[in-house]
1. Given 0.36 nm per residue, what is the gain on full extension from residue 201 to residue 16 after removing their alpha carbon distance, in nm?
2. Can you give the calculated 222 nm mean residue ellipticity of the chain, where each DSSP H run of n ≥ 4 adds -39,500 (n - 2.57) and the sum is split over every residue, rounded to the nearest 500 deg cm²/dmol?
3. Going by how many other Cβ atoms sit within 10 Å of their own, how do 109, 98 line up, fewest first?
4. Where a ≥ b ≥ c are the square roots of the eigenvalues of the C-alpha gyration tensor, would you call the chain rounded, which needs a/c under 1.5, or, failing that, prolate if a/b is larger than b/c, or oblate?
5. Only Cα pairs under 8 Å and at least 6 apart count here; give the relative contact order of the chain as a rounded whole percent.
6. Using a simple spin-label model with points 7 Å from Cα along the Cα→Cβ vector, what separation in nm is obtained for residue 184 and residue 34?
7. Using a/c under 1.5 as the rounded threshold, could you call the stretch 108-155 rounded, prolate or oblate? The axes a ≥ b ≥ c are square roots of the C-alpha gyration tensor eigenvalues, and prolate needs a/b larger than b/c, oblate otherwise.
8. Taking 35 Å as R0, compute the FRET efficiency from the Cβ-Cβ separation of residue 123 and residue 91 and round it to 0.05.
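Since every read-out is calculated from the coordinates, none of them should be taken as a lab result. Just so you know, these numbers come straight off a predicted model, no measurement behind them. Neighbour counts run over all protein chains shown; Cβ positions are idealised from the backbone, glycine included.
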């Protein structure tokens with residue numbers, strides 16, 4: 001088509017797809033609006049609200065932001081992970097408890113959100129959901145992830161699948177702008193194009209966060 005893209009100064013997109021970021025939001029927050037939209041939708045599907053007990057499975061970008069949106073809505077949020085690598089990060093995003101595969105939660109929840117790519121997680125998430133609760137799946141595994149539909153029926157569980165953050169972009173921006181959710185901790189490191197390959201290879205910025213922010217306006221080292 002001849003349209004510029006990628007790192008071009010100008011890109012042709014429908015006006016309806018554009019959102020103006022408030023002046024107070026930096027580029028890092030702007031880059032995290034799309035995952036934030038997904039996370040807001042997941043927290044909303046779990047009916048996050050005051051006192052509601054929610055378990056988020058997976059402390060990746062979507063999982064941590066989902067925990068933050070749910071906590072901002074007043075929910076009591078726990079996080080389930082493979083290990084304790086992101087424990088402190090999860091607490092900074094509003095988690096009140098952090099569980100691992102070797103130390104799983106001993107209780108069930110009003111809603112469980114699966115934000116992993118583990119094919120076995122949906123079944124575990126369903127088992128951790130209270131009768132008449134909600135199961136929200138936003139993670140996608142590379143192979144079929146099976147659950148027993150009888151568990152859904154007998155426990156009167158509402159199951160919701162989330163794909164795409166478009167419907168949550170505006171609420172995510174509002175939460176970021178108001179300070180109710182601060183996505184900054186998601187970014188482990190910000191680099192220019194000269195260090196992008198190094199960062200993506202895990203050679204810098206591995207000590208915290210889950211995302212690498214590449215700022216194309218930073219001058220490359222020649």
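1. On the way: separation 185, 0.36 × 185 = 66.60 nm, distance 3.57 nm.
Extra length from residue 201 to residue 16 when fully extended: 63.0 nm.
2. Working: 8 runs with 64 residues, N = 222.
Only helices count here, giving -7500 deg cm²/dmol.
3. Working: 109 25, 98 19.
The fewest-first ordering by Cβ neighbours comes to 98, 109.
4. On the way: a/c = 1.88, a/b = 1.65, b/c = 1.14.
Here the chain falls in the prolate category.
5. Working: 427 pairs, mean separation 43.3, N = 222.
19 percent.
6. For the pair residue 184/residue 34, the computed spacing is 2.4 nm.
7. On the way: a/c = 2.59, a/b = 1.52, b/c = 1.70.
Oblate shape, in that a/c is at least 1.5 and b/c is the bigger or equal ratio.
8. Values: r = 27 Å, r/R0 = 0.78.
Between residue 123 and residue 91 the formula returns 0.80.
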